[in-house]
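The values are calculated or read from the model by the stated rules, or taken from the named source; none is laboratory data. Everything quoted here is computed from the prediction, not taken from an experiment. Positions of Cβ are generated from backbone atoms using ideal geometry, with glycine treated the same way; all protein chains shown enter the neighbour counts.
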Amino acid sequence: MPHYVDDTIAALATPFGISAIAIIRVSGKDVDAVIQYLTGKKNLRPRYSTLVDILSPETQDVLDNSIITFFPAPNSYTGENILEISCHGGEYTPKVILSALYSFGVRPARAGEFSYRAFMNGKIDLLQAESINGLINSKTGAQAAANLKNISGHLGSKINHLRQMLIETVSLIEHELDFRENEITFTDRNTILKKISLVSDTISELLSTFVIGKSLSQGVRIPLIGRPNTGKSSLFNAILGHERAIISHIPGTTRDTLEAWLDLDSFSVCLVDTAGFWESSDFLENLGIERALSEIGRADFLIFVDDHDPKNEFDRLDISIDQDRVIFVRTKCDLSSDIWINSNNEILTTSTRNGEGLPQLITQLSTKIRSTYKNINEDSVFLMTARQNTLLLKANTFINNTLNSFSSGHEMDMLASDLHELVRILDEVVGIITNREIIENIFSNFCVGK
Amino acid sequence: MNPIRKSRFPTIVIAGAGHAGLEAAFAVSRMGGRALLVTMDTSAIGRASCNPAIGGLAKGHLVKEIDALGGMMGRIADLACLQFKILNRSKGRAVWSPRVQIDKVRYAYLASQFISQQNNIKILSGEIVDFTVSNNVVSHAIMRNGTTLNCDGLIITSGTFLNGLIHIGNKKYRAGRFGEKPSHGLSEALLSVGFKLGRLKTGTPPRIKKNTVNWAETEIAAGDDSPQPFSVYTPTPFKPRNIPCHIVNTNRVCHDILQNNIGLSAMYSGRILGVGPRYCPSIEDKIVRFRDREHHQLFLEPEWINSDQIYVNGFSTSMPELVQIEALRSIPALNNVKLIRPGYAIEYDYCVPSQLKATLESKPIGGLYFAGQINGTSGYEEAAAQGLIAGINSVSCRTDNHEFTISRQEGYIGVLIDDLITKEITEPYRIFTSSAEFRLSFRPDNADLRLTQKGFLFGCVSDFQNKLVKSRIASIEEIKTIVKNKTGTTANFNNKRADEFLKQNGVSIYDISTVLIELQGFKDQDLFTVETDIKYSGYLEREQIRMDQLKGIESMRIPHNLDYHQIGNLSSEAREKLSLIQPTSLGQASRIAGVSPSDIFVLSVYLR
């Protein structure tokens, strides 16, 4: 991706389509000229909403009556001059204003480019950039709150604190390596070990938050799995109906699934109907099993469905999953004449026809989710993206190796090298990366206009 | 900036015969040029101004690298050795630093003899005060007595002599070194052609009279039992003298005396810093910075064999003479001590080294080189390393436009020179192991493996030396092959491969050689290198990966005289610094203070 930092860029910041108002954002050094070009006005008062006529450059016809705001550099989102145009929405007006901009020489912004510039100009670090993106994509209150936390820099400051501790420790060691015994007092090995252990503990703590963070940002994934024709799809629809979720049968991210989102206790839950996995009535057909197992691998919880004996069927599959995460449901209980004895109340019986069992099922789901994610409180900071998690996992493995080597007698020169490497890994987390491609890659996953 | 006329047998004038000047002259001679070594005092050739020692933390690494490139410092140090010691033994092999206490008189004598015996080196008594430039290239060097020397290159290695001013307490007087005249004229000549100069101060400890010390109250420190020579030219087994040196400690009383008189110290900066700048020049700085320490160690080192003059290592100072005496006398062993010479600070002109290229040639004027303390460094080893590089280049750039540079990825010499030409000098620059990103790869024992063949291809290393390193490389390969292919059969080895076993802490290659007896025929130094490489193998691989990653950014050249004002989106500080320093590569640009990663991004896009 060739990247020109000299250009002035523009994009629609609101979604395309019918809406009352649309916002177009322009960023770059030519914003003054752009304002004059579009409106004839000069020296706009900074940060002041101004009602103007946007004029067609060729004909001087009025294209729109808009409210514009000028943010001069460096006190703007990107750190460059920014012009925000709040124009009338719809499919026509924003388009024609953008055309005028492009004809002036402003370039269409690429996905994530405004945030990229904000990052490059040091206005936000990488964690904040990811969180802004996360906030835009938030579906629930909890998700939004967690992202806002990180936008305010809470995660960033935790990581920077770790970096600082490591830098201080390694500076101490470097000092000792550069001077003779008589010139300075040496720190003893145990003190150093303790400092590093502290960092290690904090990294482990942060890693443990990803369980929740992932669910917050990617939703709690709950597939319905079971033999063919056991009423999975009916149950799927029934749950959604009960929760008044908007059903639009969106094809799932995996082939032959349907996914639907619902908000359960302020958690975003992604319910997955796997009815399509089995083409024949052969439950143990290999392809179907394969898909089921793969879906289970991605799941946070599992609803195992059967119209006779869900436990038995489940055991036949021999799936290794913590049974705490499974809710067993026996469907079509209105049809069956068996008296079903529930052991430990572990199996729920439902009938989609008469609605029996549904409230209890929803309650069970809620309870399970709540008890797993019970540690969200005011002060919690969460890792929210896979990138953050992967890097901290790397740091975790690394620091454990370092602690082991150092405890078993490795020398100070090696320890210094290890600590420098650890700082580099943490640098990557907050975005102090010298590899341009990695950064550009991250931002290209944002949406245009951000 | 290419010199216009090529010369097959260039004449290089070298202004100053200290450590930088000597290496430069020797290098010029090896490269097939003719050296005119000009010195104000022929009896001061190779004089060690201060510390009677060569080597030490990181400096020992430099000496090995100088030797690896054919230089003379290591050879002379070995011959003048009074005591050999490896410092930092407890901290890891990469920082084991060889250090030799020298007989200063013998060192100077041997250095002088050595240089006079070389082909194509002529020693001239006199002082260079000016030079002429034609077509932006140096053409003549001019002496105080009016003699004009035709030259193809001029290397300025004037040390601390340019407008030197000595401070002892409130007393100030002009000198290049204690008891020696300063030099005037050259600074003015440099200023007149537009060079930027600055002033620096460096300190030296007092010398005390040997028979006024209560030796019985001192602690004795002898050297190592198995000394190793710096130079490959030194015949083994290396059995130098092992004269003990003596240690005393300062105490509260001493510190109080210094503290109470701190305002009288010419050199004390008044800054109190935490774990900050690593350079700790004076005892005044030490007692302030490390206020809580009850004692500081002082080493009493003889300046030459049987000398009456003892150097008080660790007591660098510019306090008034009387305060120095009082403070020293508060130490039991020194309560009757008499000074032969007080400690003093010397202030001198230096040439801002960001005006130099990595070859140490000045950017504006061809054929004009600067090496040594004139560039703001401190230490004989730092000076010698620069002299070596300047000397080689003064010839090679004239004979066939070839530049000889060592990069930061090749050795400490590279780190030293890159730091000088890229970073700002605020205090005398001293090399530290922590200045090297690739410290674990740059060990004293592998300097020859890293640099000798490169030097040989370039012409500054002899055939003899090259053959030695080739044979060493072959031995090392053989040892590695044995160790990597054999599995131990004894219980000790746990059926591991020998190299796996060797990685464990506490295991040495000698433990293995009792089982793998074919290892017993090899030289100790080769076995040591293999053992260390294996123990550090994970780290060495990691450093190598980083070096490869950095290659891209290091090899992205920045065109000469790039106008940074034309590039949008650079921070104004970056623009200013980049314009000032004019880095030649993106890598160098990234090391300039004030240039941020996003500035580097902008540059990298612009340069594509």
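Do you know which residues across the stretch B:356-375 are out of contact with any strand residue (DSSP E or B) (no Cβ under 6 Å at 6 or more places or on another chain) and not hydrophobic (A, V, I, L, M, F, W, C)?
B:Lys357, B:Thr359, B:Lys363, B:Pro364, B:Gly372, B:Gln373, B:Asn375, listed by residue number.
Just give me the residues in the stretch B:150-164 being assigned to a strand (DSSP E or B) and crowded, with 19+ Cβ neighbours inside 10 Å, in sequence order. So that I can check it myself, show each step before the final result.
Within the stretch B:150-164, the subset assigned to a strand (DSSP E or B) is B:150, B:153-156, B:162.
Within the stretch B:150-164, B:Gly153, B:Leu154, B:Ile155, B:Ile156, B:Leu162 meet the criteria.
For B:Ser590, indicate whether it is under 30 Å from A:Thr8 (Cα atoms) and surrounded by fewer than 17 Cβ atoms within 10 Å (Cβ to Cβ).
Values: under 30 Å from A:Thr8 (Cα atoms): yes; surrounded by fewer than 17 Cβ atoms within 10 Å (Cβ to Cβ): no.
When the stated conditions are applied, B:Ser590 does not pass them.
On the given criteria, is B:Asp418 under 14 Å from B:Phe458 (Cβ atoms) and of a type in the set (D, E, K, R)?
no
With the structure loaded, tell me whether B:Tyr311 is at pLDDT below 85, under 17 Å from B:Pro205 (Cα atoms) and touching a Pro at 6+ places or on another chain (Cβ under 8 Å) or whether it fails that test.
no
Filtering the stretch B:30-55 down to residues that are on the phi > 0 side of the Ramachandran plot and buried (at least 24 other Cβ atoms within 10 Å of the Cβ), which residue is farthest from the chain's Cα centre (by Cα)?
Going through the qualifying residues, I end up with B:Gly46.
Does A:Ser27 satisfy the criteria of being in contact with a strand residue (DSSP E or B) (Cβ under 7 Å, 6 or more places away or on another chain), within 30 Å of A:Ile151 (Cβ to Cβ) and among the polar types (S, T, N, Q)?
yes
Among the residues of the stretch B:79-97, what is the count of those that are away from chain A (no Cβ under 14 Å) and closer than 30 Å to B:Ser537 by Cα?
Within the stretch B:79-97, residues that are away from chain A (no Cβ under 14 Å) and closer than 30 Å to B:Ser537 by Cα number 1.
Go through B:Ile534, B:Ile558 for me and flag whichever is of a type in the set (Val, Ile, Thr), farther than 22 Å from B:Val95 by Cβ, more than 9 Å from every other protein chain (Cβ to nearest Cβ) and over 28 Å from the mean Cα position of the chain (by Cα).
Answer to the check: B:Ile558.
Can you find, within the stretch A:177-191, the residue that is modelled with the highest pLDDT among those that are within 7 Å of another protein chain (Cβ to nearest Cβ) and part of a helix (DSSP H, G or I)?
Selected residue: A:Leu177.
What number of residues within the stretch B:279-321 satisfy the criterion of being free of Cβ contacts under 8 Å to residues at least 24 places away in the same chain and more than 10 Å from chain A (Cβ to nearest Cβ)?
Number of matching residues: 3.
Checking B:Asn569 against (1) on the phi > 0 side of the Ramachandran plot; (2) surrounded by fewer than 18 Cβ atoms within 10 Å (Cβ to Cβ), only one condition comes out false. Which one?
For B:Asn569, the failing item is (2).
Does the stretch B:169-179 hold any residues that are part of a strand (DSSP E or B) and either surrounded by fewer than 22 Cβ atoms within 10 Å (Cβ to Cβ) or modelled with pLDDT of 85 or more (or both), and which are they? Walk me through how you get there before you give the answer.
From the stretch B:169-179, those part of a strand (DSSP E or B) are B:171-174, B:177; that's our starting set.
Within the stretch B:169-179, B:Lys171, B:Lys172, B:Tyr173, B:Arg174 meet the criteria.
Condition first: basic (Lys, Arg) and either away from chain A (no Cβ under 12 Å) or in contact with a Lys or Arg (Cβ under 9 Å, 6 or more places away or on another chain) (or both). Now tell me which residues in the stretch B:584-608 satisfy that.
Once the filter is applied, which keeps residues that are basic (Lys, Arg) and either away from chain A (no Cβ under 12 Å) or in contact with a Lys or Arg (Cβ under 9 Å, 6 or more places away or on another chain) (or both), the stretch B:584-608 yields only B:Arg591.
Just need a number here: residues in the stretch B:423-450 that are at pLDDT 95 or above and in a helix (DSSP H, G or I).
Result for the stretch B:423-450: 7.
Condition test on A:Val62, is it among the β-branched types (Val, Ile, Thr) and either at pLDDT below 95 or surrounded by fewer than 20 Cβ atoms within 10 Å (Cβ to Cβ) (or both)?
So A:Val62 fits the description; yes.
Of B:Gly198, B:Gly203, B:Gly194, which residue is surrounded by fewer than 21 Cβ atoms within 10 Å (Cβ to Cβ) and either in a strand (DSSP E or B) or at pLDDT below 80 (or both)?
After ruling out the rest, the residue left standing is B:Gly198.
For A:Lys374, state whether it is touching a strand residue (DSSP E or B) at 6+ places or on another chain (Cβ under 9 Å), among the basic types (Lys, Arg) and modelled with pLDDT under 90.
Considered against the rule, which asks whether it is touching a strand residue (DSSP E or B) at 6+ places or on another chain (Cβ under 9 Å), among the basic types (Lys, Arg) and modelled with pLDDT under 90, A:Lys374 comes out as no.
Give the residue that is farthest from the other protein chains (Cβ to nearest Cβ), with candidates limited to residues of the stretch B:496-531 that are surrounded by fewer than 18 Cβ atoms within 10 Å (Cβ to Cβ) and hydroxyl-bearing (Ser, Thr, Tyr).
Here the residue is B:Thr514.
With within 26 Å of A:Asp418 (Cβ to Cβ) and surrounded by 13 or more Cβ atoms within 10 Å (Cβ to Cβ) as the only criterion, which of B:Tyr564, B:Tyr539 stands out?
On the way: B:Tyr564 fails: within 26 Å of A:Asp418 (Cβ to Cβ).
Of the residues listed, the single one that is within 26 Å of A:Asp418 (Cβ to Cβ) and surrounded by 13 or more Cβ atoms within 10 Å (Cβ to Cβ) is B:Tyr539.
With the condition kept exactly as written, say whether any residue in the stretch B:361-371 is among the acidic types (Asp, Glu) and within 14 Å of another protein chain (Cβ to nearest Cβ). Please lay out each step first, then the result.
Step one: list which residues in the stretch B:361-371 are among the acidic types (Asp, Glu), which gives B:361.
Subset that is within 14 Å of another protein chain (Cβ to nearest Cβ): none.
Looking through the stretch B:361-371, none of the residues is among the acidic types (Asp, Glu) and within 14 Å of another protein chain (Cβ to nearest Cβ).
Among the candidates B:Ile425, B:Ile406, which residue alone is farther than 24 Å from B:Ala94 by Cα, more than 14 Å from chain A (Cβ to nearest Cβ) and hydrophobic (A, V, I, L, M, F, W, C)?
B:Ile425
For the stretch A:125-167, which positions are more than 22 Å from A:Ile425 (Cβ to Cβ), over 12 Å from the mean Cα position of the chain (by Cα), touching a residue at least 40 places away in the same chain (Cβ under 8 Å) and not in a helix (DSSP H, G or I)?
Matches in the stretch A:125-167: A:Thr140 only.
For a quick check of your reading: which helices (runs of 4 or more DSSP H) sit entirely within the stretch A:385-450 and have at least 1 residues that are touching a helix residue (DSSP H, G or I) at 6+ places or on another chain (Cβ under 7 Å), surrounded by fewer than 16 Cβ atoms within 10 Å (Cβ to Cβ) and more than 10 Å from chain B (Cβ to nearest Cβ)? Reasoning before the result, please.
Numbers: elements: A:386-407, A:412-430, A:436-444.
Helices (runs of 4 or more DSSP H) meeting the threshold: A:386-407.
Considering only the stretch B:345-376, state which residues are among the hydroxyl-bearing types (Ser, Thr, Tyr) and outside any strand (DSSP E or B). Full working, then the answer.
As a first pass, look at the stretch B:345-376 and keep what is among the hydroxyl-bearing types (Ser, Thr, Tyr): B:348, B:350, B:354, B:359, B:362, B:369.
B:Ser354, B:Thr359 - these are the residues of the stretch B:345-376 that are among the hydroxyl-bearing types (Ser, Thr, Tyr) and outside any strand (DSSP E or B).
Answer with yes or no whether A:Glu243 is modelled with pLDDT of 90 or more, out of contact with any helix residue (DSSP H, G or I) (no Cβ under 6 Å at 6 or more places or on another chain) and closer than 29 Å to A:Gly297 by Cβ.
Criteria not met by A:Glu243.
Search the stretch B:148-168 for residues that are at negative phi and among the charged types (D, E, K, R) and pair each with any residue that is surrounded by fewer than 23 Cβ atoms within 10 Å (Cβ to Cβ) and assigned to a strand (DSSP E or B) when their beta-carbon atoms are under 8 Å apart and the residues are at least 6 apart or on different chains.
Once the first residue is at negative phi and among the charged types (D, E, K, R) and sits in the stretch B:148-168, its partners that are surrounded by fewer than 23 Cβ atoms within 10 Å (Cβ to Cβ) and assigned to a strand (DSSP E or B) give B:Asp152/B:Thr11.
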